[in-house]
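The values are calculated or read from the model by the stated rules, or taken from the named source; none is laboratory data. Since the structure is predicted, the reported quantities are computational estimates derived from the model, not experimental observations. Heads up, the Cβs are rebuilt from the backbone with ideal geometry, glycines too, and the neighbour counts pull from every protein chain shown. Only protein heavy atoms, including side chains, enter the accessible area calculation; ligands, DNA and RNA are left aside. Shrake-Rupley method; radii C 1.70, N 1.55, O 1.52, S 1.80 Å.
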Amino acid sequence: MKNLIKQSGSGLSRRKFLGYAAGISAMSALPARYSHAAKDLNVLVWCDHADELLLKPFEEAHGVKVNVKSYEGTGTALSILEQSAPGDWDVLVVDAPDTRVFADQGMLEPLDDSSLPLGDLFKPLTSAAFNYIDGVRYAVPEKFGYYGVAYNKEKVDEADMRSAQVMWNDKYKGRVAVYDYYFPAMQLIAISMGVAPENISMDDLPTIREKLLAMKPNVKLVGDVVGVQNALVNGDVDIVLNGAEFTVSNLMPSIPALDWAIFDEGGLMWIQGISVFKDSNNKDLAVDFLNHILSPQGQGTLATSECYWAMPASSQAVLNDDQRKILRWDEQAAFMERSVPSTISDPDIDAAMLDIWTEFLQS
Amino acid sequence: MPDIRGRNNNQKGLEFTRWATQPALIFTLIFFAGPLAVMVVVSFWQRVYGKLVATWSGANYSKFFGTDYLLESLTNSIEVTLVTTIISILLAYPLAYILAYRISPKWQKVILIFAVLPFWTAYVVRSYSWLLVISENGIINYVLTGLGIIDQPLQMAYTRGATILGFVHFFTMLLTLTIYANLVQIKPSYQKAAEDLGASKLQVFFRITLPLSIPGVAVGAFITFVIAIGDYITPQILGGSTEVLVPQAIMLQVSRAANFPMASVMSITLMLVIVIVYAMTSKHLKMDRV
């Protein structure tokens, strides 16, 4: 730098130098897309895709760099995409029910079934509802879990945890945290009422609202995953409603008193799907990434990521016995049989539920 | 004969001032006025199934001001912020006073470093640290139950009180700095003159020191109000979402429904509250005194 300035008298004037410096600064401030190498893969995903253990084998095998942007909440993903240029992103991971939101806006690339290892998926995950929108595949299920209950088994009666009535059980007054996601919470209430979540109508909402508000005396806090985990570990609460394996599994190896379950009345499944963006400039590489994620090794690593654990979509996932026990692998057949996906297809019901949830928080 | 040279100098000074303020003006236009205008426009739009629809509808305003639990988020925010500001002033003023008048200059520097220590910790970390202190199995309950003062742990975490505690911890130190900076600017001769004229210590404080230190209190209080009313992290972590404040209501609309029009209405309302508070306190806001 010093030498450059010294040369200013002979050719590089101070003004030119400042101009070059400003230019270099401006280049370094350009959006990431302009500075990426041609073989970078930009993935907009949940935090469980950020583990080096998951990404490194793919990066080494393909000689590429995977740039991870993790987000929380479909609304956040939409706002990121609204501020991005076409081609900025290659891969998307989103709550499977929300795939339609992105597909309807023409953001997703139709996927060819023959290019993906679909044969290893757990059978319930292969149904058309989880895989196709109007007959076209835009996403593949890659991981799933449940909305149910997580708890400290030293503080509660485990038998109580298998019933949806625990939501209103006086024994646990002030001992409950609720995972802050409005529509599964209200779908669990629907299950307790004997209403199938997929059949919730506007007519059911007043009763659901009433039962949700009736839960409040038991509720000490409503929070995100870290918030409810913290409360459970600190002993501020004994139960996390609307949570399950994704809330406590990664803590269970060090805190064996924690556990999770789904209700006997019925379970509510969440499924995350992985997609390729229509405007991606690396579609083949993106499909390779999907295959890596769906491989037995990739599935095992994804299922036990540092951010949160949950069931792999593939029955061939590489997991050890302890990990399978924590994920209640042996009970999966029964869990899946009595569970339905947590989907919501009517935007009016969705909006009404968010309003009810805000009222619940405020009550 | 008119002083032409002086006028030329003044004109040059004015031209320089005009030129020098251009970058700040452009910056403000691009990064404040522009986005604010966009936010105002978007507040009249609608979010329909994942898409923003450009309309000119007051429906979002009607919904926010016509729905009890949404409007309650505004009253909650104002209540929490006012209580925080008042408690912080009551704690900060004596601290700043002692620091300015009862501590030697050598120790003042050391204490000022301690005063800014809370600013060195990340906001999220600080909030979670408070949870460790006030939770059911936290330090306070551990000591109180250990000493036999209480039988059952006190419920401190995940309450409005916890949110205010987190705020007060931070803003007391901020206010201490602004009030201290003001107090040390008050000429000791004013207080001495009052004493010479027979004023008691209390009279000197209430008739000289306190009125002259109001700008420091006002600036600190205004900054406290502005930051606290827009804070999302503290009520989310320490309050446990047992009640909703406006920033949390905004986040619910943005992160869950991407409903930027409704979030814009809430943000504009929050800004209007701040403008009103500014109008009420502006005559005391003298930045050169802090």
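Couple of notes before you dig in:
- When both bridge partners sit in the protein assembly as shown, DSSP labels roughly 60% of those beta bridges antiparallel.
- Each chain gives up part of its surface: A and B jointly bury about 3000 Å² of accessible area, both sides summed, for a 1.4 Å probe.
- 5 angstrom amide H check on A:Val340, placed H, neighbours 5+ away: A:Gly267, A:Leu268, A:Met269
- Database remark: amide H of A:Lys143 closer than 5 angstrom to the amide H of A:Gln272, A:Ala313 (H placed geometrically; neighbours at sequence offset of 5 or more, or on other chains; Pro and chain starts carry no H).
- The range B:121-167 and the range A:226-253: distance between their alpha carbon centers, rounded to Å: 19 Å
- At least 50 Å² accessible surface lost relative to isolated chain, residues of the range A:321-358 (1.4 Å probe): A:Leu354, A:Asp355, A:Thr358
- Sequentially through the range B:233-247, phi angles give Karplus couplings (6.51, -1.76, 1.60; θ = phi - 60°) of 5, 4, x, 5, 7, 7, x, x, 6, 7, 8, 9, 9, 4, x Hz, Gly and Pro residues having no value and appearing as x.
- For q = 0.08, 0.18 Å⁻¹, Debye-computed log10 I/I(0) when each Cα of the range B:73-289 counts as one equal scatterer: -0.37, -1.25
- Relative contact order (%) - chain B, alpha-carbon pairs under 8 angstrom, separation at least six: 27 percent
- Residue among B:Pro188, B:Trp120, B:Ser213 farthest towards the positive dipole end of the range B:73-289, charges placed on Cβ: B:Pro188
- Links that overshoot a 27 Å alpha carbon limit, given the list A:Lys123/A:Lys325; A:Lys220/A:Lys325; A:Lys278/B:Lys63: A:Lys220/A:Lys325; A:Lys278/B:Lys63
- Sum of side-chain charges, A:Met202 neighbourhood, beta-carbon under 9 Å (Lys, Arg +1; Asp, Glu -1): -4
- For the range A:116-142, the residues whose backbone nitrogen is under 14 Å from a point 7 Å from the Cα of A:Asp104, taken along Cα to Cβ, are A:133-134.
- For the protein assembly as shown, Kirkwood radius (reciprocal of mean inverse C-alpha pair distance, Å): 28.6 Å
- Rounded FRET efficiency, nearest 0.05, which uses the C-beta distance separating A:Lys153 from A:Ala333 and R0 of 25 Å: 0.65
- Built amide H within the under 5 Å cut-off of A:Trp309, gap 5+: A:Ser249, A:Asn250
- A cut-off under 15 angstrom between Cβ atoms defines the neighbours of B:Thr67, and their net charge, with Lys, Arg +1 and Asp, Glu -1, is -2.
- Spatial separation of Cα centroids for the range A:36-112 and the range B:58-111, in angstrom: 41 Å
- Shown in residue order for the range B:22-36 are the 3J(HN,Hα) couplings computed by the Karplus curve 6.51 cos²θ - 1.76 cosθ + 1.60 at θ = phi - 60°: 4, x, 5, 5, 4, 4, 5, 4, 6, 9, 10, 4, x, x, 5 Hz (x for Gly and Pro).
- DSSP assigns beta bridges within chain A; of those with both partners inside it, close to 60 percent run antiparallel.
- Neighbourhood charge, 9 Å Cβ-Cβ cut-off, centred on A:Asp48 and excluding it, Lys, Arg +1 and Asp, Glu -1: -1
- Under the Karplus curve 6.51 cos²θ - 1.76 cosθ + 1.60, θ = phi - 60°, whole-Hz ³J(HN,Hα) for the range B:141-153, x wherever Gly or Pro sits: 5, 4, 5, 5, 6, x, 7, x, 6, 10, 8, 9, x
- Computed from the C-beta positions of A:Ala196 and B:Phe114 and an R0 of 60 Å, the FRET efficiency is 0.50 to the nearest 0.05.
- Threshold 30 Å², the range A:193-228 residues less accessible with all protein chains present than alone (1.4 Å probe): A:Lys220, A:Leu221, A:Val222
- Membrane-span-like helices in chain A, defined purely by DSSP H runs whose alpha carbon atoms cover 18 Å or more axially and whose average Kyte-Doolittle hydropathy reaches -0.5, are A:14-28, A:347-362.
- Spatial offset of the range B:180-214 relative to the range A:296-331 amounts to 71 Å, using the alpha carbon center of each.
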